[in-house]
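Encoded as structure tokens, the structure appears first; notes follow it.
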Amino acid sequence: MSIANQTAITSTTVPFEDIRAVLPPFLKSFDVWLFKQKQAIVEKRSSHGRRMSELRESISQMQKELDILKMGETEFMRSREQERKQRSALELDIEATKQRQSELDSYLRDLEDEVARTRAANQTIKQSLLRRRQESAEAEKTSIPELRAYETWLSFQLSSLKEDIVFFTWTHINPERPGDAYSIALDVSLPRTYKVHECIPPLEGIQQLTEFLNETRDLFRFLKHVRRAFKDEARRGQLMFVRRESGIYN
């Protein structure tokens, strides 16, 4: 800068009066502007504070909701695990039930087989009993006429007070007591085997005579031998005489 210019600047006159005249309005306007700026800053700060408070409250609410969701998730996982355990237990129960059902089905089949076998066995037994009854009936048809003839030849009475038991009763065995009754009860329930059910008075040799009957099937000779045995015992006086009315045949 030249000396002339420096001198011109230095010699410039500042209009202080003019400045004083316009300065108060300017300062007043500036104060108004500054006041408004401060108010705007305060409003912004207050608005920012409210927004921050609302944001903090929102964050707090969101945190609470998040905690609730986490608790719900935990409860859901616990419930899911419980359901898984229950489902596993139920599957085990179903498997055990199926196994039990299979065992029961097998047991039922075994029972049905056993029932079928039992029915077949019962049918066989019924058929066997029917055959035996038929054989007994046939034997009775054959034996009764013969026995009626034997009554005359061997002087005894034939009776049947019980099913399949035939009673043979003799009198006039003991000449001293002709009314005394001597009897045997013959079991004819089996078609091929005889048994002496009762002998009154008892004879020591009745077992041997029964064996003779079963071996020979000769009833006439058996009754002859029994009558002779009764007479021999009566003669020796070794028998106890029991009348038919004594109630032995109850």
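Some points to look at:
- Accessible area per residue for region 1-131 is 93 Å², calculated with a 1.4 Å probe on protein heavy atoms, without ligands, DNA or RNA.
- Surface share of carbon and sulfur [accessible, 1.4 angstrom probe, percent] for region 29-123: 56
- Nearest-10 value in Å² for the accessible area of residue 184, using the 1.4 Å probe: 0
- Sorting 188, 166, 226, 32 on solvent-accessible area from highest to lowest, probe radius 1.4 Å, gives 32, 188, 166, 226.
- Using the Cβ-Cβ distance between residue 21 and residue 56 with R0 set to 41 Å, the FRET efficiency works out to roughly 0.15.
- Inter-label distance for residue 228 and residue 65, nm, one decimal - labels placed 7 Å from Cα along Cα-to-Cβ: 12.8
- Estimated at 0.36 nm per residue, the fully extended path between residue 32 and residue 220 surpasses their Cα-Cα distance by 51.2 nm.
- Per-q log10 I(q)/I(0), region 45-99, q = 0.19 Å⁻¹ (Debye; single scatterer per alpha-carbon; no solvent): -0.74
The values are calculated or read from the model by the stated rules, or taken from the named source; none is laboratory data. Just so you know, these numbers come straight off a predicted model, no measurement behind them. Heads up, the Cβs are rebuilt from the backbone with ideal geometry, glycines too, and the neighbour counts pull from every protein chain shown. What goes into the accessible areas is simple: the full protein's heavy atoms, side chains included, and nothing from ligands, DNA or RNA. Shrake-Rupley method; radii C 1.70, N 1.55, O 1.52, S 1.80 Å.
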